[in-house]
Amino acid sequence: IPRQLVRRAARTGEPQGRLLTDPATWRDPYPLHAEVRARGELVPGSLSVLTASHRVTREVLGSADFGVVGPVEQLPGRLARLHAWAAQGAPVHPLAPPSLLGVDPPEHTRYRRLVSKVFTARAVEALRPRVRQTAGALLDDLARVAARPGGDGVADLVDGYAVRLPVAVIADILGVPEQRRDEVLAFQHGLAKSLDAATGWREFRAVEGSLRGFDDWIGRHLAQLRREPGEDLLSGLLAAEDDGTRLDERELRATAGLLLAAGFETTVNLIGSAAELLLTHPGQLAAVRADPELWPGAVEESLRLESPVQITSRAAQRDTRVAGHAVRRGTRLVTLLGAANRDPEVFADPERFDVRRPNARDHLAFSAGRHHCLGAALARLEGEEGLRALFERFPDLALAPGARRTSTRVLRGWEHLPVRLGGA
Ligand code: HEM
């Protein structure tokens, strides 16, 4: 999106101008959500159309009339450059082809079928004992950090735990041995930032180093797995076939990069936000502690109330209608997932954190339609096991001063969440 358009939208006070440019809105998007909701189901601006409605969001994400990529001749400048960049053999980018998030059918259907062959519910469930074991080992480390001289019994829950669990899981999925886990961690910041598509070309260039580093690394790693395949999902993907075709080298790199980009910071944010919500709602925490069957509900309710991915968007592939309104081909529709998940038409008393909420799972935190999060079952598993292990291990866990939110437009969570561990 050309910068002068973004600046103009911000100057005129359009909701989307604030969304694109105002860090205060990223830290606290809820007043903006309320404003968009008050203006109607579809709120047109000079750059795109916004919606805060659950019904409209579901309709758009599920519609064949909308794609992740606009009609090619109408791509805004930034995306057009990204696509040109991808076509020139630049490193794979999680939002550009051939990443799943950068393609529409028929490519999307083919990639998704292949990846789903190895990313099955069974394969995910098989990771559970390992996730449990990893969580236990990481909590031992966390206790050591808090107990060190001057540590005062305090540790950062994000750096010391929430970050480490998903890295360990993704390393397992990619077939990276435990002693080389830090190699995966090295790329995560750049890759996670690359998901924030609203940032400009300059920001794209800033993440290029991480993307290039990852591309080189994954190329070497894939060569190694070809020589010595393991039990991991990436080795399975190397061998997976559909109708006699396989993913080629670039498609494999893109898929591995997407698993890391899409599966990392999102899960960090789920664990951080859920922990913070539980620690600030002692009654809810007591209920979950008394009845561990409530853990899945606590995870769903956290995903709903503090959605780790706040926004996604789609482009109309043809002239169409949404919620009874005409929408022209090429229109970008920005769906505010975090707002849809607090839509009072769907969720009673939507601001309330209630681990027993009967329809919490109707949230759209994992999107909907053909791009519905491929890792949703894994994210739920990590959330349930990771949080349960944390709260069982430290019965007196409490927040300590110094918490700081992450402030990007798309991702919502905590950058630092100091906690006092109490007696273990
Ligand atoms: C797609 C959210 C964890 C892999 C998505 C999308 C969302 C999302 C909103 C769709 C974006 C769109 O429609 O434009 C989340 C959240 C997570 C999480 C909130 C954690 C709480 C994971 C994990 C993995 C993963 C753990 C795998 C390791 C993917 C992939 C896609 C995706 C591969 C692309 C699917 C496609 O385009 O067909 N995720 N995700 N995600 N996610 Fe997740």
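Throughout, read-outs are computed from the coordinates displayed, never taken from laboratory work. All values reported here derive from a predicted model rather than from experimental measurement.
For this structure, a couple of remarks:
- Separation of the stretch 169-183 and the stretch 42-56, taken as the distance between their Cα centroids, equals 40 angstrom.
- Normalising the average separation of contacting C-alpha pairs (under 8 angstrom, six or more residues apart) by the number of residues puts the relative contact order of the stretch 297-357 at 43 percent.
- Contact order for the stretch 126-252, expressed relative to its length and based on alpha carbon pairs under 8 Å spaced 6+ residues apart, stands at 19 percent.
- Considering all different alpha carbon pairs of the stretch 274-347, the Kirkwood hydrodynamic radius works out to 14.9 Å.
- Pairwise centroid distance, computed over Cα atoms, of the stretch 351-411 with the stretch 214-266, Å: 27 Å
- Within the chain, helix-based [θ] at 222 nm, where runs of 4 or more DSSP H residues each add -39,500 (n - 2.57), nearest 500: -15500 deg cm²/dmol
- Cubic angstrom per residue, convex hull over Cα atoms of the stretch 104-225: 160 Å³
- Annotation: extensible slack from residue 35 through residue 415 equals 134.1 nm (criterion: 0.36 nm per residue apart, minus Cα-Cα distance).
- Sorted largest first, extent of the chain alpha carbons per principal axis (Å): 60, 55, 37
- When only Cα pairs below 8 angstrom with a gap of at least 6 residues are kept, the chain shows a relative contact order of 25 percent.
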